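A.B. asks: Here you go, one structure.
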Amino acid sequence: MNQLQNQNTQPILKMKIFNKWDIVAKGWYIACPSRELPLLKAKSLELCGQRIVIFRGEDGKVRALDAYCPHIGTDLGIGRVDGNFIRCFFHHWAFDGEGNCKDIPCEATIPEKARLQSYATEEKYDLIWIYPDAKAPEGVAEFDELKGKSIVTIHDKAFERSCHHHICMMNGIDAQHLQTVHKVDIKMELSLNENKSGTLIDFTLKGELPKTTRRERIGGKILGDKYEYCMRYADGCIGLLTTMKNVRLFPSLHMIYAYTPIEPGRTRIQPIYVAERKQGLFGWFMTRLLLFFTKLGYYALRGEDGKIYDNIRFNPNALLGIDMPLVKYMQYVNQLEPSVWSTNLTDTQ
């Protein structure tokens, strides 16, 4: 990891939670696509450094537990689903979705320690999400404009970056790099809105569209005089991007970035395109067209940003006024709550 480099000449600015690989904040993390877990099937997987078993009971609900049986330590993922329980392959102990042992075939008395940590689950955007606690205070984040509406989602191919996901997530609010890297010469004004729990924060940036080039003047005729977009951050691990907000002749485009730390130095990013499901044949065509434009906008920026985030050693020691969104984001992350998946909680106490 490059955090160990240049320590004497450029010591890393250490923070409470931000950019720390040994801390996993409470939040929703992707386990797998919903289609990969049929009825009455189990699957064990590694998530944020933990071994988790997920299983779909006869009621169709997905449940998640620590994967290792408390009896001997067998991976429950090789077991079988029995009703709404999962039975260990080795000695057939049965556990419910709360992690309680409900049956031991050769023993009438169930030991007190025969239980497992359970985790909240939710199926959203055609994915199974897991929260690193038995109960989640809020569901997986949504776009305000799409709440209560039928939606269509497309999952692009997941990819990896060689830096912490907290750093990757800041890309959408780095107003300075829009001008230097992407040549988008818009002076953006920032407004913030944070929920009561502090787990969700909206960064809205807007400004006047420039008219110095022919392309910019054509864009102004189509979109109007102003441009606005919003980055909604949830739990420091999900980013919801809304572009084309309040512009002329074009509806908003919606995209989700879901981040999962794989190991120190590696982050997996799952892009998800989201659009309202419109009725009829013409509606089907328009929905797909919006999803296509969302993907097009994403790929127009991804390559240039990749060169940055695969080689960065993030160390914010000389920030400017224009970097205020980055400061606000770091403050937001540092007040999140560490989860039981963290390997070092002493520095956050």
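A.B. asks: Against the definition (of a type in the set (A, V, I, L, M, F, W, C), assigned by TED's automatic domain parsing to the domain that holds Ala158 and at pLDDT 95 or above), how does Cys168 come out, yes or no?
C.D. replies: Values: of a type in the set (A, V, I, L, M, F, W, C): yes; assigned by TED's automatic domain parsing to the domain that holds Ala158: yes; at pLDDT 95 or above: no.
So Cys168 fails the test.
A.B. asks: Please go through the range 293-322 and pick out each residue that is of a type outside the set (S, T, N, Q), surrounded by 13 or more Cβ atoms within 10 Å (Cβ to Cβ) and not in a loop (DSSP other than H, G, I, E, B). Even if it seems obvious, please write down each step before you answer.
C.D. replies: So the first thing to find is which residues in the range 293-322 are of a type outside the set (S, T, N, Q), and the list is 293, 295-310, 312-314, 316, 318-322.
With the extra rule that they be surrounded by 13 or more Cβ atoms within 10 Å (Cβ to Cβ), the set shrinks to 293, 295, 297-298, 301-302, 305-306, 308-309, 312-314, 316, 322.
Those that are of a type outside the set (S, T, N, Q), surrounded by 13 or more Cβ atoms within 10 Å (Cβ to Cβ) and not in a loop (DSSP other than H, G, I, E, B): Phe293, Lys295, Gly297, Tyr298, Leu301, Arg302, Asp305, Gly306, Ile308, Tyr309, Ile322.
A.B. asks: What are the pairs with Cβ atoms under 8 angstrom where one residue, in the range 273-287, is free of Cβ contacts under 8 Å to residues at least 24 places away in the same chain and the other, located anywhere, is surrounded by fewer than 17 Cβ atoms within 10 Å (Cβ to Cβ) and in a helix (DSSP H, G or I)? Sequence gap at least six, or different chains.
C.D. replies: That search, which allows pairs on different chains as well, returns Lys278/Trp284; Lys278/Met286.
A.B. asks: Identify all residues within the range 1-20 that are among the polar types (S, T, N, Q) and outside any loop (DSSP other than H, G, I, E, B); write none if there are none. Lay out the reasoning, then the answer.
C.D. replies: So in the range 1-20, the residues among the polar types (S, T, N, Q) come out as 2-3, 5-10, 19.
Answer for the range 1-20, where residues must be among the polar types (S, T, N, Q) and outside any loop (DSSP other than H, G, I, E, B): Asn2, Gln3.
A.B. asks: With the checklist (1) of a type in the set (A, V, I, L, M); (2) under 24 Å from the mean Cα position of the chain (by Cα); (3) surrounded by fewer than 19 Cβ atoms within 10 Å (Cβ to Cβ); (4) at pLDDT below 85 in hand, flag the one item Ala175 doesn't pass.
C.D. replies: Every listed condition holds for Ala175 apart from (3).
A.B. asks: Using beta carbons and a limit of 6 Å, which pairs, at least six apart or on different chains, have the first residue in the range 103-129 and closer than 30 Å to Ile154 by Cβ and the second one among the acidic types (Asp, Glu) and in a strand (DSSP E or B)?
C.D. replies: So the pair list comes out as Trp129/Glu122.
A.B. asks: Now, a different point. Tell me which residues, restricted to the range 269-292, are part of a helix (DSSP H, G or I) and farther than 14 Å from Leu253 by Cα. Spell out the reasoning first.
C.D. replies: We begin by selecting, within the range 269-292, every residue part of a helix (DSSP H, G or I); these are 280-292.
Hits for the range 269-292 are Gly280, Leu281, Phe282, Gly283, Trp284, Phe285.
A.B. asks: Any chance you could count how many residues in the range 77-86 are crowded, with 20+ Cβ neighbours inside 10 Å and free of Cβ contacts under 8 Å to residues at least 40 places away in the same chain?
C.D. replies: Of the residues in the range 77-86, 2 are crowded, with 20+ Cβ neighbours inside 10 Å and free of Cβ contacts under 8 Å to residues at least 40 places away in the same chain.
A.B. asks: Shifting gears a bit: I'd like the full set of residues that are β-branched (Val, Ile, Thr) and over 16 Å from Asp59 (Cα atoms), limited to the range 75-95. So that I can check it myself, show each step before the final result.
C.D. replies: First pass over the range 75-95, keeping only residues β-branched (Val, Ile, Thr): 78, 81, 86.
Within the range 75-95, just Ile78 meets the criteria.
A.B. asks: Mind checking whether some residue in the range 247-260 is within 23 Å of Gly207 (Cα to Cα), assigned to a helix (DSSP H, G or I) and touching a Leu at 6+ places or on another chain (Cβ under 6 Å)?
C.D. replies: No; the residues of the range 247-260 include none that is within 23 Å of Gly207 (Cα to Cα), assigned to a helix (DSSP H, G or I) and touching a Leu at 6+ places or on another chain (Cβ under 6 Å).
A.B. asks: With the structure loaded, tell me whether Asp133 is in contact with a Lys or Arg (Cβ under 9 Å, 6 or more places away or on another chain), surrounded by fewer than 20 Cβ atoms within 10 Å (Cβ to Cβ), at pLDDT 95 or above and part of a strand (DSSP E or B) or whether it fails that test.
C.D. replies: On the way: in contact with a Lys or Arg (Cβ under 9 Å, 6 or more places away or on another chain): yes; surrounded by fewer than 20 Cβ atoms within 10 Å (Cβ to Cβ): yes; at pLDDT 95 or above: yes; part of a strand (DSSP E or B): no.
Here the answer is no, as Asp133 does not meet what is asked.
A.B. asks: Let me ask something additional. Starting from residues that are part of a loop (DSSP other than H, G, I, E, B) and either among the small types (Gly, Ala, Ser) or not assigned by TED's automatic domain parsing to the domain that holds Lys41 (or both), keep the ones in the range 54-66 and report whichever is farthest from Glu122 (Cα to Cα).
C.D. replies: Gly57
Listed here are the residues, each with its yes/no results for (1) outside the structural domain of Ala64 (by TED's automatic domain parsing); (2) within 24 Å of Asn334 (Cβ to Cβ); (3) not in a loop (DSSP other than H, G, I, E, B).
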position: Glu123; (1), (2), (3): no, no, yes
position: Pro137; (1), (2), (3): yes, yes, no
position: Gly148; (1), (2), (3): yes, no, no
position: Thr153; (1), (2), (3): yes, no, yes
position: Lys157; (1), (2), (3): yes, no, no
position: Cys163; (1), (2), (3): yes, yes, no
position: Leu192; (1), (2), (3): yes, yes, yes
position: Gly198; (1), (2), (3): yes, yes, no
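A.B. asks: Look through the range 254-294, keep the residues that are in contact with an Asp or Glu (Cβ under 7 Å, 6 or more places away or on another chain) and charged (D, E, K, R), and return whichever of them is nearest to Leu47 (Cα to Cα).
C.D. replies: Arg268
A.B. asks: Continuing with this model, one more query. Looking at (1) in contact (Cβ under 8 Å) with a residue 24 or more places away in the chain; (2) touching a Gly at 6+ places or on another chain (Cβ under 8 Å); (3) among the hydrophobic types (A, V, I, L, M, F, W, C); (4) over 30 Å from Tyr257 (Cβ atoms), which is the one condition that is false for Phe89?
C.D. replies: Phe89 satisfies all of (1) in contact (Cβ under 8 Å) with a residue 24 or more places away in the chain; (2) touching a Gly at 6+ places or on another chain (Cβ under 8 Å); (3) among the hydrophobic types (A, V, I, L, M, F, W, C); (4) over 30 Å from Tyr257 (Cβ atoms) except (1).
A.B. asks: Can you pull out the residues in the range 67-109 that are touching a Phe, Trp or Tyr at 6+ places or on another chain (Cβ under 9 Å), hydrophobic (A, V, I, L, M, F, W, C) and not in a strand (DSSP E or B)?
C.D. replies: Cys69, Ile72, Leu76, Ile78, Cys88
A.B. asks: Out of the residues in the range 256-287 that are among the aromatic types (Phe, Trp, Tyr) and surrounded by fewer than 16 Cβ atoms within 10 Å (Cβ to Cβ), state the one that is farthest from Cys237 (Cα to Cα). Quick ask: steps written out before the conclusion?
C.D. replies: Looking only at the range 256-287, we keep the residues that are among the aromatic types (Phe, Trp, Tyr), and these are 257, 259, 273, 282, 284-285.
With the extra rule that they be surrounded by fewer than 16 Cβ atoms within 10 Å (Cβ to Cβ), the set shrinks to 282, 284-285.
Details: Phe282: 35, Trp284: 31, Phe285: 32 Å.
Within the range 256-287, the match that is farthest from Cys237 (Cα to Cα) is Phe282.
A.B. asks: Using beta carbons and a limit of 8 Å, which pairs, at least six apart or on different chains, have the first residue in the range 1-29 and over 14 Å from Cys48 (Cβ atoms) and touching a residue at least 40 places away in the same chain (Cβ under 8 Å) and the second one surrounded by fewer than 20 Cβ atoms within 10 Å (Cβ to Cβ) and among the small types (Gly, Ala, Ser)?
C.D. replies: Final answer for the pair search is Met1/Gly265.
The values are calculated or read from the model by the stated rules, or taken from the named source; none is laboratory data. What you are looking at is a predicted structure, and each value in this text was computed from that prediction instead of being measured. Counting neighbours? That spans all protein chains shown, and the Cβs are built from the backbone with ideal geometry, glycine included.
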